[in-house]
Amino acid sequence: MLLPRSCDLGSSGRSKTASDAVTSESSPNPARIEIQDLSFWYGSTQVLRSVSMVVPERQITALIGPSGCGKSTLLGCLNRMNDLIPGVRQSGVCRVGGVDVQDPGVDVTELRRRVGMVFQKAIPFPQSVFDNVAFGLRIGGCSGSELEDRVASVLQRTGLWDEVRDGLNGNALGLSEGQRQRLCIARALAVDPVVLLLDEPACALDPISVGRIEELIRDLRRDHTILLTTHPLQQAARLSDQTAFLQAGELVEMDSTERVFSQPRDPRTEDYVTGRFR
Amino acid sequence: MNRGFPDWIFRRLTGVVAWALFASVLSLVLGLLLVVVPVFLSGWDGQEGGSSPALDHRGSRLSLLLLGTATRTLLMSLAAIPAGILTAVYLAEYAPSGARATRILRWLVHGLAGVPSVIFGLLGLGFWISVVGVGLDRMAGDSAAPVWGRPGLLWASLTLAMMTLPVLVVSTEQALRSVPQELRLAAMALGATRLQVVMRILLPNAWVGIASGVVLTVGRAFGEVVPLLFTGAVAETQRSLALDEPFVDLAHQVFVLGTRSPEHPSSRPLLLTCVWVLVFLSLLFHAAAAVLRSRILRAEQDRL
């Protein structure tokens with residue numbers, strides 16, 4: 001079924017459609033991320049040093065590394081949220097679906113719809129559960145029953161539907177911590193992003209909530225390219241297909257998660273994943 | 001080992017200062033009662049004879065005064081509130097933070113907030129009347145009788161607006177900045193434009209804070225006299241209320257009647273009425289601000 005134009009948010013990479021097939025002929029897969037020689041500075045402090053990597057589509061890629069190693073900065077480069085920080089400088093290229101995100105022709109709001117982001121601190125808007133999920137759709141011009149259907153379907157996909165069905169109009173701040181985080185994921189999913197950037201999506205949650213969120217992220221892999229940062233190494237090991245280890249702004253190693261954790265090539269990676277510090 | 005200033009002295013000091021402040025507010029109220037009550041009693045005695053024409057006179061004077069004050073406060077609000085909110089939104093959201101121009105603008109706004117009201121009165125006289133008003137008259141061509149180039153309701157209102165604007169900008173910017181950064185970022189990450197962030201996130205979440213700032217500044221402006229002295233308020237006028245006419249004003253009337261020589265005892269009852277109305281209305285403003293503040297506190301607790 002064709003959605004009305006007003007609700008057709010971004011070029012969807014959710015499922016293979018005719019239009020997707022056309023675009024993938026002319027350009028690389030819309031969900032593929034390529035980073036080339038990316039360096040980033042806050043003022044005079046360099047936080048990323050010539051990072052190059054390819055994030056394969058429809059897989060989960062975990063970024064691990066000590067605090068301050070540049071994980072979150074790397075995420076912020078991909079949807080240009082770093083633009084909002086004053087006094088930063090960047091060199092190198094990030095491509096999402098073959099398009100250089102820094103290209104002056106790129107519509108930043110459109111880019112941010114295609115490259116969704118969920119922050120470490122799950123703060124819903126102080127509005128109803130429904131309005132939270134509907135936010136991105138509404139600013140894209142979606143309304144009426146179309147809007148209601150989409151909100152319901154996103155809540156179903158995130159497994160929140162049964163828990164909040166009766167409280168859609170209740171304030172989202174009344175939800176539990178874990179539900180809030182899933183709501184924030186639902187909020188980002190509602191605009192149908194191709195890529196999902198998750199900045200420590202399950203930090204400071206109880207184990208059951210963490211389990212739920214990990215399950216959700218695993219499900220989302222089918223439709224989205226997922227890049228997440230995480231501190232608990234077991235989470236990266238459980239969840240991700242690829243793991244990239246960053247240290248002091250440098251990409252030390254990136255490989256399949258199994259390899260990174262069982263036979264890392266670089267001694268620094270080995271030290272980190274085995275918990276040895278020098 | 002020398003540990004510096006003992007903690008208990010500082011604790012006592014802060015307590016003493018705070019309670020001294022409380023006592024001075026209390027003495028202000030008591031002082032007001034001491035001034036007003038004798039007048040009230042004598043005024044009451046004066047009316048006891050059943051001179052109802054005098055009472056009627058007082059009532060009609062009072063309604064004229066209230067009308068003048070309400071109109072100039074309203075005009076001031078119409079000019080100052082939108083301009084103040086727009087400036088604050090610019091400073092909080094759009095202005096390139098850290099840029100020199102932004103710093104200068106912010107410094108100017110904060111500086112203006114501390115300028116004495118008498119300076120604003122002179123500024124109003126110098127700018128609005130002598131420059132804008134006289135200019136308007138000159139454009140109209142008829143220089144014989146000045147229409148806009150003299151003190152009037154519009155100029156008094158605009159002068160007050162200039163005076164309240166900086167305070168309004170500072171309080172509104174504060175309210176906008178207290179909206180958690182995470183909400184702003186989350187909205188931006190969903191592809192919201194700056195305007196959408198302002199309209200859908202900032203203003204809905206900050207409106208209580210903005211409104212309480214507005215109520216307090218309007219409440220202050222409403223009782224302000226000094227800027228009106230040069231720009232339009234008069235002790236008495238036969239003309240009806242118009243933008244280009246001088247007007248009578250409640251707070252100004254208190255000043256006029258209060259500084260009159262004691263040879264005019266007849267004005268005492270009016271003075272007393274004006275004072276009570278003024279005190280009552282500013283209490284109302286502060287009550288409104290207190291209600292809004294408690295709503296902010298509740299909203300903040302909800303967020304945690």
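Values quoted throughout were computed directly from the atomic coordinates according to the rules given, and no laboratory measurement underlies them. From a predicted model like this one, the values you see are computed outputs, not experimental measurements. Here the Cβ is made from the backbone with ideal geometry for all residues, glycine too, and neighbour counts use every protein chain on show.
A few notes on this one:
- In nm, spacing of pseudo-spin labels at A:THR45 and B:SER27 (7 Å Cα→C-beta vector): 5.2 nm
- DSSP H segments from chain B that extend 30 Å or more along their own axis, Cα-based, with Kyte-Doolittle mean of -1.0 or above: B:7-48, B:52-89, B:153-177, B:268-303
- For segment A:125-170 versus segment A:189-255, the gap between their alpha-carbon centres in whole angstrom: 24 Å
- Average silhouette area of chain B, convex hull of alpha-carbon atoms, in square nanometres: 24.6 nm²
- Segment B:ASP7-B:LEU284, extension gain: residue separation times 0.36 nm, minus the distance between their alpha carbons: 95.7 nm
- Chain A: Cα Rg divided by the 2.2 N^0.38 Å rule of thumb: 1.00
- Among B:ILE201, A:ILE64, the ranking by other beta carbons within 10 Å of each residue's beta carbon, starting with the fewest, stands as B:ILE201, A:ILE64.
- Positive-end ranking of B:VAL17, B:VAL256, B:LEU168 along the dipole of chain B, with charges on Cβ about the Cα centre, is headed by B:VAL17.
- Against the main long axis of the alpha-carbon atoms of chain A, helix A:129-139 sits at an angle near 80°.
- Trypsin sites (Lys or Arg not before Pro) within segment A:134-225, DSSP loop, no more than 10 other Cβ atoms inside 10 Å: A:ARG222
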